[in-house]
1. What Kirkwood Rh does region 1-132 have if only Cα atoms enter the pairwise 1/r average? Answer in Å.
2. If you project the alpha carbons of region 61-210 onto their three principal axes, what span does each projection cover, largest first, in Å?
3. With an 8 Å cut-off on Cα pairs and a minimum separation of 6 or more residues, tell me the relative contact order of the chain in percent.
4. Cα centroid distance between region 123-165 and region 13-92, in Å?
5. With just the Cα atoms of region 116-190, tell me how far they stretch along each of the three principal axes, in Å, largest first.
6. Angle, helix 90-104 long axis vs. longest principal axis of the chain, Cα atoms, 0 to 90°, nearest 10?
7. Order of 74-81, 11-18, 123-130 by packing, highest average Cβ count within 10 Å first?
8. Given a cut-off of under 8 Å on Cα pairs at least six residues apart, what relative contact order in percent is computed for region 74-177?
């Protein structure tokens, strides 16, 4: 018989599931075994218990990915808030948040690798992009970004590329210091690109000033 589930026990079930994924795959079997591991089942797992377990995640394995992503978003925000790094420059704030997130996920790296494979399927691509955009939006908001114009979207799209490439690198690198160096290089590349985009405007403004001097 399944015990009553609250947010705390749901979180424990989710973490247990992620640890079972490398052995059972991103499957309901992994969920059933996880329920047994954390002892939220009294006695043997019945068919009714299995239905109730699946209903916790809306009977959808993709929903587990979404909950997991929300869990990492929350952990990232809480870690960054506790670190009291509000006085850092924006690139440093971004780097700090991403590294908090990846460090927190180190123990469940293989589960993340498997979830990415599942979310790369065409039928899941829209949800995957939505989750990525949401994470990047959270990072920018915690950098006190107040933009509401077109730059609101460009900032998040650019950061999506930075985070995605860093995530791919992290999956194949166990040394977090090297991951941090890789992330720094990506952020520096973006910074250089931003400066290049401003360069034509700078030239144009200086040209206008020069014209005024000649006319006067």
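Here, each number is a calculation from the coordinates, and none is a lab measurement. Since the model is a prediction, treat every value here as computed from it, not as a measurement. Because the Cβ atoms are built from the backbone with ideal geometry, glycine has one as well, and the counts that use them run over all protein chains shown.
1. 16.1 Å
2. Sorted largest first, the three principal extents are 62, 36, 27 Å.
3. Once normalised by length, the contact order is 17 percent.
4. 23 Å
5. For region 116-190, the Cα spread along each principal axis is 38, 34, 19 Å.
6. 20 degrees
7. 11-18, 74-81, 123-130
8. Worked out over region 74-177, it gives 29 percent.
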